[in-house]
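This report concerns only the one structure given below.
Since every read-out is calculated from the coordinates, none of them should be taken as a lab result. Model, not experiment: these values are computed from the prediction. As a convention, Cβ positions derive from the backbone with ideal geometry for all residues, glycine included, and neighbour counts pool all protein chains shown.
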């Protein structure tokens, strides 16, 4: 496999974590434009833990996921009281606040004579754990996809369980769910924490793939894309967001047909799909149809 | 005497490590074809030109990470020591994080921020 293919596939895998995180909130009835903030929390936390404190990547990833979960839980406490567009705007504001905090964040330490760590707008260089361990790009691609498979398996398990039904119930009709005895606020806070952890895991993997992160990486564009991937791919199954990522990065970018104009095509595609299939390509009806056809 | 030698070694270690970190300088000129640039990379380590390195050059847009996958190109050694040449084919103008992946005698990845316009590239203001 050549460097380009490995790069495209790694990016597809990395951004899938973010798309899955947006999807998790969408099925619980909340549209977040701010998942990039928790992706950033994961990237910075994971980078600090490996590059400055010398933690191994698996431990750093767990630490970063815990921090991502805590961060989104804390953001969720006040914002999940809001509904619809108000919640979406609140998440966008929280993400912008996080990005500005990354710009103000300076935490550099000398490692082997070199200043390593977040340096405000100059970014965070020297996240070299993967290089130091001699992990080749193809091997790292394997790590990313192994973790993605684990995340997907968890999603599929949850979706087939009582918890999955509760989540969809809360997402579709929170009043009815509450009348049936579901603690809607608690469920949504749990979902927010899980979505934060998932985004943070993507962030840790991204930072170690790139060896460098900066506040601009966690701009609103990343949040819009992750949400768009979930909406394009569909809300009927966890495979939906992955399909969304594949359509954009895999097909549009990978084929390079629309060289230079991809973003315009992508925007048009999102608009068309939202009119034609408001719940995405793999929506609940399509998933039901596929299940009947192949069972 | 042994203590002094140990102290001296420890004192010099950070400087030694710093000297081992490769540095890169980049100059890119537009080719006349949209978004295609002829680039010259100058690699050094400890102030000396770094030769015999396999350099692969790629790029990512900091404001849209992972959304652009520029095809990485292998740079070819030029005449001057530590100098390498490559053609970079971007997707649009603007600030790009140029990634230089080094292999061979040195294994590293260097990230350089440059603003690309139709004429060429200048270090990005940040």
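General remarks:
- Cα pair distances in chain A, grouped into 5 Å bins until the bin that holds the longest one, percent each: 1, 6, 12, 16, 18, 17, 13, 9, 5, 2, 1, 0, 0
- Sorted peptide list for B:103-110, A:177-184, criterion being average Cβ within 10 angstrom, highest first: B:103-110, A:177-184
- Compactness index (Cα Rg / 2.2 N^0.38 Å), the range A:193-247: 1.22
- In degrees, nearest ten, helix A:184-210 long axis to first principal axis of chain A (Cα): 40
- Exposure proxy order (Cβ contacts within 10 Å, fewest to most) of A:225, B:113, A:209: B:113, A:209, A:225
- For the residues of B:40-51, the average number of beta carbons from a partner chain within 10 Å of their own beta carbon is 0.
- Ranked list, fewest to most other Cβ atoms within 10 Å of each Cβ, for B:39, B:28: B:39, B:28
- Within a Gaussian network of chain A (alpha carbon springs, distance under 10 Å), most fluctuating of A:143, A:257, A:127: A:257
- Anisotropy class of the range A:150-193 from Cα gyration tensor, a/c 1.5 cut: prolate
- Note on chain A: GNM, Cα springs under 10 Å; of A:72, A:108, A:36, the largest mean-square fluctuation is that of A:108.
- Gyration tensor verdict on the range A:96-244 (Cα atoms; rounded if a/c is under 1.5, prolate if a/b is larger than b/c, oblate otherwise): prolate
- Mean Cβ neighbour count within 10 Å, used as a protection proxy, ranking A:266-276, A:240-250, B:52-62, A:166-176 highest first: A:240-250, B:52-62, A:166-176, A:266-276
- Max mean-square fluctuation residue, GNM over chain A, Cα-Cα springs under 10 Å, options A:154, A:20, A:62: A:154
- Solution diffusion estimate, µm²/s, Stokes-Einstein, the range A:197-290, Kirkwood Rh from C-alpha pairs, 20 °C, viscosity 1.002 mPa s: 149
- Burial ordering of B:85, B:48, fewest other beta-carbon atoms within 10 Å first: B:48, B:85
- Shielding by other protein chains, A:151-159, mean Cβ within 10 Å: 0
- Descending Cα extents along the principal axes, the range A:1-120, whole Å: 50, 39, 23
- Axis of helix A:162-172 versus longest Cα principal axis of chain A: the two differ by about 80°, to the nearest ten degrees.
- The share of C-alpha pairs in the range A:39-97 whose separation exceeds 18 Å stands at 43 percent.
- Counting only DSSP H runs of at least 4 residues, each contributing -39500 (n - 2.57), and dividing by the residue count of chain A, the helix-based mean residue ellipticity at 222 nm comes to -23000 deg cm²/dmol.
- Peptide A:213-220, shielding by other chains (average Cβ, 10 Å cutoff): 5
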